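Trainee: After the structure tokens below, expect a handful of questions from me.
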Amino acid sequence: MDELRRFRLAVVAWAAGGAGAGAAAEAARELAGDVRMVVLVEGSSDQVALEALAMRYGRDLGAEGVAVVPLGGATSIGRFLDVCGPPGLGLPLAGLCDIGEERHFRRHLERVGLGSGLTHAGLVTLGFHVCVADLEDELIRALGAEGVQQVIDAQGEMRPFRIFQGQPAQRERPVEHQLRRFMGTHSGRKALYAQALVAHLDLERVPRPLEGLLTHV
């Protein structure tokens, strides 16, 4: 196991608390010297997309000392800022969140002393970028509905998608909404399509939050 992955696991265990938190904190502190920046993202699909896009730009975030850490949900941002930010390891931070969770990020960034009266622009200056709706929505708009369906076909999932479209709750919805919902129907599907969609993305049409975050780190 590489040291950056060990660091990420230690941070997650520390933030979770419980009986093993002390040992996890000690391990994270020992490994933090190899970490240049921590990027806090809501879930594993965000991590996959960011790392895959970096590779398309010829970058290896792990080799650069950038640890992309999934929070397991935006409401955990406070615990991870306590661990990685000024109250804990004091490492440089950046992040990505959905627009509906922006308030959680603002409140806790201010709480740990990383801003005051933060606006959207203030978040961006700190290196925290916000997706309109969510990451899947950003990628679907970047590729277009037809392009996303080509990716689904390449994954061998066009038939399940057509069946999903035929469900009563989906029939009258726009195809973009159907695509976004389809990606969340099975465990692991969001991460699968995060990587697949990024692989097919025109680098001239990279969603602004992803492009801005990679530029910052």
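Values in this text are rule-based calculations from the coordinates and carry no lab data. For clarity, every value in this text was computed on a predicted model and none was experimentally measured. Note that we place each Cβ from the backbone using ideal geometry, even for glycine, and neighbour counts take in every protein chain shown.
Trainee: Say we join alpha carbon atoms closer than 10 Å with springs in a Gaussian network model of the chain; which of Arg103, Arg171, Arg36 then has the biggest fluctuation?
Mentor: Arg171
Trainee: Whole number please: convex hull volume per residue, Cα atoms of the chain, in Å³.
Mentor: 132 Å³
Trainee: Ratio to report: Rg/Rh of the stretch 1-97, with Cα atoms as the point set and Rh obtained by the Kirkwood method; give two decimals. It would help to have the intermediate numbers written out before the result.
Mentor: Numbers: Rg = 12.6 Å, Rh = 13.3 Å.
We get a ratio of 0.95 for the stretch 1-97.
Trainee: Please report the equivalent ellipsoid semi-axes of the stretch 136-199, computed as sqrt(5 x eigenvalue) of the Cα gyration tensor, largest first, in whole Å. Walk me through the numbers on the way to the answer.
Mentor: Working: eigenvalues 58, 33, 24 Å².
Ellipsoid semi-axes (Å, largest first): 17, 13, 11.
Trainee: Of Asp137, Asp2, Asp34, how do they rank once you tally other Cβ atoms within 10 Å and put the fewest first?
Mentor: On the way: Asp137 18, Asp2 10, Asp34 14.
Fewest to most other Cβ atoms nearby, the residues stand as Asp2, Asp34, Asp137.
Trainee: Then there's this: Using a Gaussian network model on the chain with a 10 Å cutoff between Cα atoms, which of Pro86, Pro168, Pro207 fluctuates the most?
Mentor: Pro168
Trainee: Counting only helical runs of four or more DSSP H residues, what would the 222 nm mean residue ellipticity of the chain come to if each run contributes -39,500 (n - 2.57) and the total is spread over all its residues? Working shown, then result.
Mentor: Details: 12 runs with 118 residues, N = 217.
Result for the chain, helices only: -16000 deg cm²/dmol.
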